[in-house]
1. Select from region B:28-60 the residues that are more than 7 Å from chain A (Cβ to nearest Cβ) and free of Cβ contacts under 8 Å to residues at least 40 places away in the same chain and list them in ascending order.
2. Could you say which residue among A:Ser78, A:Ser103, A:Ser83 is at pLDDT 95 or above, within 16 Å of ligand 2 (Cβ to nearest atom) and within 19 Å of the chain's Cα centre (by Cα)?
3. So in region A:146-158, with the set limited to residues that are more than 14 Å from every other protein chain (Cβ to nearest Cβ) and among the hydrophobic types (A, V, I, L, M, F, W, C), which one is nearest to ligand 1 (Cβ to nearest atom)?
4. For region A:34-87, which residues satisfy the criterion of being within 19 Å of A:Gly139 (Cβ to Cβ), aliphatic (A, V, I, L, M) and either crowded, with 22+ Cβ neighbours inside 10 Å or assigned by TED's automatic domain parsing to the domain that holds A:Asp23 (or both)?
5. Just for region B:22-46: of the residues that are of a type in the set (Gly, Ala, Ser) and out of contact with any strand residue (DSSP E or B) (no Cβ under 6 Å at 6 or more places or on another chain), which one is modelled with the lowest pLDDT?
6. Quick check on B:Asp56: is it surrounded by fewer than 21 Cβ atoms within 10 Å (Cβ to Cβ), under 15 Å from the mean Cα position of the chain (by Cα) and over 18 Å from B:Val24 (Cα atoms)?
7. Checking B:Asp87 against (1) within 13 Å of the chain's Cα centre (by Cα); (2) over 28 Å from A:Leu49 (Cα atoms); (3) modelled with pLDDT under 90, which single condition isn't satisfied?
8. Right, A:Ser61: modelled with pLDDT of 95 or more and away from ligand 1 (no atom under 12 Å from the Cβ) or not?
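The values are calculated or read from the model by the stated rules, or taken from the named source; none is laboratory data. Bear in mind that the values here come from a model prediction, so they are computed numbers and not experimental data. Cβ placement follows ideal geometry from the backbone for every residue including glycine, while neighbour counts extend to all protein chains displayed. Note: accessible area is taken over every heavy atom of the protein model, side chains too, but ligands, DNA and RNA are not part of it. Shrake-Rupley method; radii C 1.70, N 1.55, O 1.52, S 1.80 Å.
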Amino acid sequence: MEEWTFSQTGGGVLKGKAMNRQDLADRFRAGDRRAVARIISLIEQGDPLGTSLLAELYDPSKRAIRIGLTGAPGVGKSTLVNSFASILEKQKKKIGVVAIDPSSPFTKGAFLGDRVRMQDIKGTNVFVRSMATRGSTGGLSWPAWLTTAVLEAFGFDTIVIETVGVGQVDVEIRELVDTTCVVLQPEAGDSMQFLKAGLMEIADIYVVNKADKPGTNAMVADLKDFVKLITVRENGWRPPVVLTIANTGKGLDELIRAIDSHKGFLEQTKELDEKRKARIKRQLKQHFYEKMENEIWRAEWSDTLVQAAVNRIISGGDALKEAEELAASLIAGPNPV
Amino acid sequence: MAEKIIRVLLAKPGLDGHDRGVRVIAKGLRDAGMEVIYLGLHQTPEDIVEAAIQEDVDVIGLSSLAGAHMTIFPKVIELLKEKNAEDILIVGGGIIPEDDLKSLEDQGVDKLFLPGTTITEIAEFIRSKMDSRAA
Ligand SMILES: Nc1nc2c(ncn2[C@@H]2O[C@H](COP(=O)(O)OP(=O)(O)OP(=O)(O)O)[C@@H](O)[C@H]2O)c(=O)[nH]1
Ligand SMILES: [Mg+2]
């Protein structure tokens with residue numbers, strides 16, 4: 001049995017205690033929140049122990065509803081999570097929240113401020129984890145994918161993922177969750193913005209938050225027009241438009257109903273299973289990419305080959321031919337037969 | 001393997017409603033390459049410890065200007081001990097009288113920063129503590 005001590009991986013709640021892998025797995029199974037928190041940290045730090053524990057603890061019978069909240073900075077995503085989760089908490093649901101904010105591309109530091117808006121969900125049935133993007137784009141980070149899986153394995157029945165404040169092309173969230181809510185606010189634009197591809201295409205539900213602000217009616221009219229225009233998504237679902245005032249909780253019941261009926265739709269059309277399959281496929285692909293990156297591209301043996309190809313191209317070699325040959329040698333590995 | 005990034009929880013316990021000071025520190029630590037999880041105002045010791053556990057932070061930083069430091073710091077330390085998490089570094093800042101300073105450090109606060117301390121000093125303190133632990 002391998003022994004792992006956290007003093008080597010650095011800080012964190014349990015770092016002082018030399019806990020072995022088994023201990024961590026046992027605590028996780030016993031419902032210890034520190035064990036969940038620690039496994040998430042290991043995953044975030046890229047420690048192989050994290051992913052290997054996730055694989056061990058993964059339980060296909062444990063399935064959570066995954067809800068994504070995305071939208072521009074400041075539209076009220078965290079405030080919505082707060083009201084949404086506090087309603088679910090009263091219904092005795094167990095809720096996991098992953099809240100993502102951006103890392104600085106310059107210092108790698110981050111200000112994770114979503115919890116400030118989540119003051120009403122401090123009960124023991126809610127678990128909130130703030131994460132930084134740590135260099136990834138798309139409004140999510142790869143560790144956020146795995147963290148969602150960790151929370152699912154822990155037994156949360158609902159998992160809410162709040163992306164960073166996104167732009168028009170950040171659409172990765174739709175792959176991670178079952179129901180994507182695109183959150184908008186009044187005066188975020190008119191029919192011209194709605195027609196632009198990307199973010200506006202991924203909504204299963206459009207949430208117009210800050211419905212107490214002027215301009216709401218005009219915007220909702222435009223948005224509803226737009227939704228009619230796209231008629232239905234390719235799968236037959238017509239995304240509803242829900243108005244909310246997140247800080248008072250107004251409209252939240254309707255949002256919860258919309259999420260439920262989308263879930264019903266996914267179950268009925270078997271799309272829920274399709275989504276899960278696509279997710280697993282995506283995870284396998286990502287694993288493959290990371291292996292390629294770490295074990296091939298960053299390895300010393302490959303660097304020698306790459307440098308040689310660079311030099312040949314600089315001195316007039318055929319770039320495409322070099323690229324093809326390099327790719328073939330990289331795939332063949334360090335010691336081709 | 002991705003690198004370890006220091007995670008710091010910042011909160012402002014107690015009743016007073018100004019958090020400009022904490023926000024300045026939050027920005028400073030962010031610029032020093034740390035991930036700062038900000039909890040906001042009026043946090044109870046229970047809120048702080050629970051959030052520290054969920055977020056698996058390395059450091060808890062509390063700002064206290066309203067004189068509540070003699071109750072809040074010891075309570076946070078007690079709760080961390082209860083949860084077996086007393087290895088989280090605890091630092092604080094604010095206007096704290098000399099006598100209290102000594103007493104709090106005796107009770108387990110790792111470091112109290114008095115007004116006038118630069119962010120660089122705070123960041124360096126945290127980093128050196130983390131380095132000596134990782135070694
Ligand atoms: N008037 C009004 N203000 C709101 C409403 N919902 C949220 N806010 C305010 O909008 C501001 C931003 O809210 P957040 O919940 O932090 O927004 P966010 O989308 O999570 O922001 P980022 O995570 O930074 O992208 C806060 O000041 C909220 O109090 C609402 O329905 N009406
Ligand atoms: Mg937010």
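1. B:Leu41, B:His42, B:Gln43, B:Thr44, B:Pro45, B:Glu46, B:Ile48, B:Val49
2. Answer to the check: A:Ser78.
3. It comes out as A:Ala149.
4. Within region A:34-87, A:Ile40, A:Ile43, A:Ile67, A:Leu69, A:Val75, A:Leu80, A:Val81 meet the criteria.
5. Going through the qualifying residues, I end up with B:Gly40.
6. No; evaluated as a whole, the condition is false for this residue.
7. (2)
8. Answer is no for this residue.
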